[in-house]
1. Quick one: order Leu77, Leu2 by neighbouring beta-carbon count within 10 Å, fewest to most.
2. Hey, if you put +1 on the Cβ of every Lys and Arg and -1 on every Asp and Glu Cβ in the range 16-100, which of Val18, His61, Ala51 ends up farthest toward the positive end of that dipole?
3. Keeping to pairs on different chains or 8 or more places apart, tell me how many lysine pairs in the chain have Cα atoms under 27 Å apart.
4. In debye to the nearest 20, how big a dipole does the chain give about its Cα centre with +1 on each Lys and Arg Cβ and -1 on each Asp and Glu Cβ?
5. At most 13 other C-beta atoms within 10 Å and a DSSP loop state: those are the exposed trypsin sites (Lys or Arg not before Pro) I care about. Give me the longest piece of the chain that has none.
6. If you take the alpha carbon radius of gyration of the chain and divide it by 2.2 N^0.38 Å, what ratio comes out, to two decimals?
7. First measure r as the distance between the Cβ atoms of Leu81 and Arg46, then evaluate 1/(1 + (r/R0)^6) with R0 = 25 Å and state the FRET efficiency to the nearest 0.05.
8. May I ask you to list, by number, the DSSP H helices of the chain whose Cα span along the axis is at least 15 Å and whose average Kyte-Doolittle hydropathy reaches -0.5 or more?
Amino acid sequence: MLTGKYSTTSKPDKGRVVNNPSYIQRYSLPVYYEIAERVTAYAQERGLAPATLAVAWVMSHPAITAPIIGARNVEQLQASLAALDVKMTPEWRAEVSALSVEPPPATDRLEEKMEAA
């Protein structure tokens, strides 16, 4: 969702988020596209790729020892690795956090597993 190609007005015809039933169940609510749009705009205003900002935000969390990134190509990998050069302050982290809603507990994957059984 944070590649910059998803928004309230654009959605690719193919890809995991629009073709994979697990991703559709997890990310199909309009609010996720609104958040992606806000994060993308915020990142671009600061000269960053949305994924760079997202990984930097995760890295700045005091309980995170190492973010897990998932790149499907070199461009996505470079955007994620660029987060190493971002020095996120607590104030900046709060600004980025305010772009999204507080996510629900991660129980959706357990529910999917139980449905598949």
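Throughout, read-outs are computed from the coordinates displayed, never taken from laboratory work. Everything quoted here is computed from the prediction, not taken from an experiment. Don't worry about glycine lacking a Cβ; one is built from the backbone with ideal geometry, like all the others, and counts go over all protein chains shown.
1. Leu77, Leu2
2. Value computed over the given set: Val18.
3. Lysine pairs meeting both conditions in the chain amount to 4.
4. Values: 12 positive and 13 negative charges, 56 e Å.
So the magnitude is around 280 debye.
5. Longest stretch, sites excluded: 15-45.
6. That works out to 1.10 for the chain.
7. Working: r = 17 Å, r/R0 = 0.69.
In this case the efficiency is close to 0.90.
8. Length and hydropathy pass: 30-45.
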